[in-house]
Amino acid sequence: MKRFRFVNTVISVTLALTVIAFPASFNRASAPEADAGSAAAATVTAEPCTTAEKAEITKAAEPAVEDSGDEVKDITDENISDYIDSADVFYEPKAESVTVLDDGSAYINDVVSVFFEDSADESDVERIAGRLNGEVVGSSSWMNEVEIKIEKTDFAGIEKLCGEIMEDEDVEFASCSIATPVSEEYVPEDPWDGWASWDEEAENRYPSYNNWWITATHTDEAWNYMDKFSKINIGIVDSGVDANHPDLKNVVSFPDTFFELHNAPGDHGTHVAGIIGAEHNNNTCISGIVPDCNLICADWLPDKEDGQRWNSEIRIVTAFANAVKAGAKVVNFSLGSSGNIANGTTDRYQFVKDAEGRLTSYYIAKLLERGYDFICCQSAGNGTTTRANKFYAVDSTNNGTFCTVTKENAVKTVDGVTPEDIVDRIIVVAACRNLGGGKYEQCSFSNGGEHVSVCAPGQSIYSTIPYEESLDTYCDYMSGTSMAAPVVTGIASLVWSVNQSFTGAQVKHFVCDNTSIEVADSSSASHLPTGTMRMVDAKLAVEAAIAASENNGTAVGKIVPFNHSGKVGITLTSDDGTVYRAVTDEDGSYSFSLPEGGYTLSINKASSDYDTHFEVTSSQETTVEEIMVKRIDTYYGEKLINAVHNMRSFLSKIGLY
């Protein structure tokens, strides 16, 4: 557990090293844009997975939390790695800091998250904290976000505070954070023999063949285009992943050392990872959807061993930002909060959904603004259970995080990013089951509604788990929308690997609009959403991506920033208005595979004076003139991260790290 009494100690050392490393430019910050005053919503449970036999999913009870007090420990050579490996420090609320609303939503009543402008410095942070009569108890430096502890306040009061703070010229966005109780992972009840069998006609049979989800989505047919695929980075924000699993050990990585140290291997995260990227041709367990990938895994769960039982949305979106910064193109979120709807209701308050949508859409918008492009693929959720212990599948917007984002509540004030751009980076996935004979219907537990993007297999999915000694197995069955989401994440990654210059919006189109199978509505009376859905089809999606890239030309060039070295965010806007985003290599070089036509290159955080127009010719390489940029606003967070690395190196030399 990260204890915030340590923050001042760590930051003091870090700031000293930062001043040494950046004496002339330390007082710069970077942050997010905002909409009206906002509250952030959190989704903190891995989607409760059900076995094929279970018709209902039991809502996790809210556990009691014992106040462990404000014990302060010394930073020693044994524990120092817990604090110097991350520029992200989270406020972890105790029971008394959480207020539960009538609809079951819970918010943190004594913290406001504030995101600062690029021009802000540490004195502005102190000024805003003073204005709130609060103190800084957490931060996500790369996003220029600080968590400020305030007096206990009701939801409306916190939203009012956020609106007032956002009128300050040094603040881009401010948000309350909604919390949900941390629950234990689901343990599957249907042991298998540990070895995957393969059947070419599995999709036409009842779900007794454990590769049915591969054949039903025509992923095996998409593999016929192996020569078109390139290695791709994929993010997984989930419970911990077993990095030593024989089917995953060569594909799992972490955003940084902090996430590696805080990875607690679990069944849920390991199962999700296997669906996406279990190694091919190693005679072990299964083959994941993506044959050549790097899985960037971020364990978002707090440390339950220290008594922590509540989580906030900030922890999830910070893990997301770290995965994207580390290179992830598609990020999987098999998590949600629909199971926390209060007993007796089947819908969360709309103002809570809108507050959550503003925060999570803001993160998407800021990452796009910085030159990153990606897709967030989230499970639609596994419904809720009423007071009478009756289960209902509900609308997917109740599942929190990215499921809550709409064009109406998405932030609209981040330069160059529209609500449509934001929504085009989100895929929400419902789950279906195999009826045999090539027929499918939506799972009784799967949330639905008009905001679901596509459907995928989610019942009796066979994938990797940490070694289970009692069963002598590395694989097992799980069910849930948590299993459907990584199927789509894997297929989207296959598509993007055909041409990594595609935009996230283009990849979403290839995946969601190229389908061949209609999935029937659930036959269960407890499935409240109605209507049919489309099953994701890997073969058709990949073929559409290949066709779209057939006659592309290549544009290569280099950006040389005058005031610092490292990656630079850039955008290319075609003459027809399509916007391509990318981050250069460390030396400033870039390469795009693009359709023939004219393009304008712009450099993020730099004057439009550097905009350059060029033409791309089909099947030819165009070299864009090298650009020397006199000034690019660098991010306060990046400087702090660099300072942390400097500190780590120094401590290593003196034997403390």
Quick one: of Lys412/Lys630; Lys94/Lys353; Lys407/Lys605; Lys325/Lys630; Lys94/Lys149, which pairs are farther than 21 Å apart, Cα to Cα? Lys412/Lys630; Lys94/Lys353; Lys407/Lys605; Lys325/Lys630
At 37 °C and 0.692 mPa s, grab the translational diffusion coefficient of region 141-181 from Stokes-Einstein with a Kirkwood Rh over Cα pairs, rounded to a whole number in µm² per second. 286
Take peptides 244-257, 357-370, 483-496 and line them up by average Cβ neighbours within 10 Å, highest first, as a rough protection proxy. 483-496, 357-370, 244-257
So the compactness index of region 284-434, its C-alpha Rg divided by 2.2 N^0.38 Å, takes the value 1.12
Region 358-451: antiparallel DSSP beta bridges as a percent of all, rounded to 5: 55
Can you compute log10 of I(q)/I(0) for region 241-297 with the Debye formula, treating each Cα as one identical point scatterer, at q = 0.15, 0.28, 0.29 Å⁻¹? -0.37, -1.16, -1.23
Per 0.36 nm of contour for each residue apart, how much would the distance between Lys407 and Ser607 grow if the chain were fully extended, relative to their Cα-Cα spacing? 69.1 nm
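Two-decimal Rg/Rh of region 463-587 from alpha-carbon positions, Kirkwood Rh?
On the way: Rg = 20.8 Å, Rh = 18.5 Å.
Here the Rg-to-Rh quotient is 1.12.
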Please report, largest first and rounded to whole Å, the three semi-axes of the ellipsoid equivalent to region 416-468, where each semi-axis is the square root of five times an eigenvalue of the C-alpha gyration tensor. 28, 18, 9
At R0 = 35 Å the Cβ-Cβ FRET efficiency linking Thr257 and Asp585, nearest 0.05, sits at 0.95
One finds the C-alpha centres of region 540-602 and region 144-167 to be spaced, in Å, by 39
Could you give me the ³J(HN,Hα) list for region 246-261, computed from phi with Karplus coefficients 6.51, -1.76, 1.60 and θ = phi - 60°, whole Hz, x at Gly and Pro? x, 9, 10, 4, 9, 10, 8, 9, 9, x, 6, 5, 4, 5, 5, 5
Along the charge dipole of region 382-473, pointing to its positive end and built from +1/-1 on Cβ of Lys, Arg, Asp and Glu, which listed residue (Val429, Ala410, Asn389) has its Cα farthest out? Asn389
If packing is taken as the average number of other Cβ atoms within 10 Å across a peptide's residues, how do 607-617, 122-132 rank, most packed first? 122-132, 607-617
Read phi for every residue in region 313-330 and hand back ³J(HN,Hα) as whole Hz from Karplus 6.51 cos²θ - 1.76 cosθ + 1.60, θ = phi - 60°, with x for Gly and Pro. 4, 4, 4, 5, 6, 5, 4, 4, 4, 5, 5, 5, 4, 7, x, 5, 9, 10
Summarise the long-distance tail of P(r) for region 353-464 by giving the % of C-alpha pairs beyond 23 Å. 38
Mean-position separation - Cα centroids, region 107-133 and region 203-279, in angstrom: 39
Among 525-532, 113-120, what's the highest-first ranking by average C-beta atoms within 10 angstrom per residue? 113-120, 525-532
How much FRET efficiency would the formula 1/(1 + (r/R0)^6) give for Ser516 and Glu615, where r is the Cβ-Cβ distance and R0 is 41 Å, rounded to 0.05? 0.65
Put a dot 7 Å past each Cα toward the Cβ at Ile546 and Ala156; how far apart are the dots in nm? 6.0
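Just so you know, all these numbers are worked out from the coordinates, no wet-lab data involved. These figures come from a predicted structure and were not determined experimentally. As a convention, Cβ positions derive from the backbone with ideal geometry for all residues, glycine included, and neighbour counts pool all protein chains shown.
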